[in-house]
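Notes follow once the structure below has been shown.
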Amino acid sequence: MRRACLAPAAVALAAPALAEKPPVVLAPQGDWEILIEDESCIAARLFEGDGEPHLFKLEQFGPSGAVSMSAFGPAFRPFINLQPTELRFREGQKLHKSNPFTAVLPGFDKGIVYGSVTPNWDELAELAAAGTPATKQPVELDVETGRKIAFVGFQQGGRPEVRIATGSMEGVFQSLNGCTYALLEKWGLDAVRLRSALRSPALLNSKKTWGKLRKAYRSNAQQGERGVIVLRATISENGTMESCALIDTATSGNLAPAICEVIGKAQFAPAIDASGQPFRALYIQTLKFQTS
């Protein structure tokens, strides 16, 4: 019997632990490259550790306050798939704790893959703890958070932290925001209304829909598949799905039609612009999956 695990990429928080061993530092080699693809925007940069090349990549599939993140190279060989891993962007920051996938990228060795990370997770958690959660879902990367980034550090178990010396990523976040808004215009959607929107499209019958998505995945995925699905759908001003696609996935060909059929029958609250009017907008969801 095949079992499937399909869930939104999630965030857990933990108090920082004292580092017992010095970090493995990866130094930058060259400048950032911003790549505009048909379906996504990518920021990539090469780094070096012990004379070996490493690749660090950020990717977005539409305007969002979250970003997909991956890092590859020999420094990540000790990392184990789906094991608790701590992520931080500066000294003293509250840790992002989750279970990323491992993968191998030809030419760069082993690496880790985060389907979705919200860079200002610590600030959002503090607002929620104070009883004043964010009033609306962020529709772009927070540039001020990018300015504060000093490095990207990954630590798993008792092994030394692998620290990518990115420095400030203010300019990178600005470039990704501009790129994703340009993609939105290319797809025939209103970037100006989205930027000031009071609400993005929201799934209403989420519990029922998630049950159907898991069933669709079990019926159509190949045994032993694992990775990240990026679901992108256009939701009309009436809350109905106009189009649907699975992006950046190497899963079986039957999976996209099956999942989009479920989403097509789901109920959505449409996006609401600054004047309180509904409008057409993207619904983007990043999902981690694995079968056994």
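Results, tabulated for the structure shown:
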read-out: Selection status of GLY92, without any contact (Cβ under 8 Å) to a residue 40 or more places away in the chain and either in a loop (DSSP other than H, G, I, E, B) or assigned by TED's automatic domain parsing to the domain that holds VAL230 (or both); value: no
read-out: Matching residues, the range 261-292, being within 30 Å of THR102 (Cβ to Cβ) and either more than 23 Å from the chain's Cα centre (by Cα) or of a type in the set (Asp, Glu) (or both); value: SER292
read-out: Residue in the range 178-198 that is in the same structural domain as PRO23 (by TED's automatic domain parsing), under 30 Å from ALA258 (Cα atoms), modelled with pLDDT of 95 or more and of a type in the set (S, T, N, Q) present; value: yes
read-out: Listing of helices (runs of 4 or more DSSP H) fully contained in the range 103-203 that carry 2 or more residues being of a type in the set (S, T, N, Q) and either without any contact (Cβ under 8 Å) to a residue 40 or more places away in the chain or under 30 Å from GLY264 (Cβ atoms) (or both); value: 170-186
read-out: Exclusive hit being in contact with a Lys or Arg (Cβ under 9 Å, 6 or more places away or on another chain) and surrounded by fewer than 16 Cβ atoms within 10 Å (Cβ to Cβ), set PRO106, PRO74, PRO63, PRO78; value: PRO78
read-out: Residue pairs meeting the criteria (Cβ under 8 Å; at least 6 apart or on separate chains; first over 14 Å from ALA258 (Cα atoms) and modelled with pLDDT under 95, in the range 217-242; second of a type in the set (Lys, Arg) and surrounded by fewer than 22 Cβ atoms within 10 Å (Cβ to Cβ)); value: GLN223/ARG2
read-out: Qualifying residue in the range 48-56 (condition: buried (at least 20 other Cβ atoms within 10 Å of the Cβ) and part of a loop (DSSP other than H, G, I, E, B)); value: no
read-out: Every residue from the range 259-292 that is over 18 Å from GLY188 (Cα atoms), of a type in the set (A, V, I, L, M) and either buried (at least 19 other Cβ atoms within 10 Å of the Cβ) or at pLDDT below 85 (or both); value: ILE259, VAL262, ILE263, ALA266, LEU287
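The values are calculated or read from the model by the stated rules, or taken from the named source; none is laboratory data. Bear in mind the structure is a predicted one, so any value in this text is a computation, not a measurement. Cβ coordinates were reconstructed from backbone atoms using ideal geometry, including for glycine residues, and neighbour counts include every protein chain displayed.
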